Every structure is written in structure tokens, then in C-alpha cells.
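What follows is one structure encoded as C-alpha cells, with my remarks underneath.
The values are calculated or read from the model by the stated rules, or taken from the named source; none is laboratory data. The structure displayed is predicted, hence computed values, not measured ones. So basically every Cβ, Gly included, is an ideal-geometry build from the backbone, and we count neighbours across all protein chains shown.
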Amino acid sequence: MTSMEQETLDIIAQNEDRIHYYIIAQGLRISEHYAYVICKGLERSDYVDFDTFRGICGLTEKGKEVIEKNRFFKLKRQKENIKKSREKNKKRILKNIETINY
């Protein structure tokens, strides 16, 4: 899955799982035609239900699973980054204490 497809799924999920491809295009700052093509590709991969007549995209169960996995991955990465920054701060504080006491 490309990053543009992942971003499209994120936008659909943020908008209560039902959104017109024109609004997706505005959110991603791409052309309406490109948003339409992305939605059709996601439909072929069974990530979204795409009503081509009305232009409405909605997440399928497979699409919702991808969104949940992505959220879990982002949370895990945030926790790791917080842990790293705490360790850096501890080292910096200890170095400052040594410098002050010297």
C-alpha cells in the first residue's frame, strides 16, 4: 500500500467512514481524478466500498483493520520516542550537574 493510499484511508476514517472522493482530494491536495483513481484502487484491494455513481467511499472491515494496525504502530513509535527523549534529558541533566559541581 502506498503512502497516498494510507493517507486516503486515514481521511475516510476521520470522516465517519463515509466521504465523497472530492473531499478526499481537497484533504490530500490532489486532483479529483487522482482521488477517484485511488478510491477505485482501494476498492479493488477490498479496503473500501466505493459507490461510483454517488462518489462515496466507505471503509470495509479490511480497511478498518489497516487503520487500527496503523494507529497501534504510531502509538508504539510515540512511546519509543518519549522513552528516548527521557533518556537524553537524563543524560543532559547529569552532564549539567557534573559541570556545575566541577
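So the values come out like this:
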{"read-out": "Scope the stretch 21-44; condition in contact with an Asp or Glu (Cβ under 8 Å, 6 or more places away or on another chain) and of a type in the set (Ser, Thr, Tyr); matching residues", "value": "TYR21, TYR22"}
{"read-out": "Among the residues listed as THR99, THR60, THR2, the single one being at pLDDT below 95 and surrounded by 14 or more Cβ atoms within 10 Å (Cβ to Cβ)", "value": "THR60"}
{"read-out": "Subset of the stretch 74-102 that is of a type outside the set (D, E, K, R) and within 18 Å of the chain's Cα centre (by Cα) - its residue that is farthest from GLU7 (Cα to Cα)", "value": "ASN81"}
{"read-out": "Residue list for the stretch 52-102, restricted to those being more than 30 Å from GLY41 (Cβ to Cβ) and either touching a strand residue (DSSP E or B) at 6+ places or on another chain (Cβ under 9 Å) or among the hydroxyl-bearing types (Ser, Thr, Tyr) (or both)", "value": "SER85, THR99, TYR102"}
{"read-out": "Count of the stretch 12-55 residues which are surrounded by fewer than 18 Cβ atoms within 10 Å (Cβ to Cβ), hydrophobic (A, V, I, L, M, F, W, C) and closer than 26 Å to PHE72 by Cβ", "value": "1"}
{"read-out": "Selection from the stretch 5-31 of residues that are free of Cβ contacts under 8 Å to residues at least 24 places away in the same chain and among the charged types (D, E, K, R)", "value": "GLU7, GLU16, ARG29"}
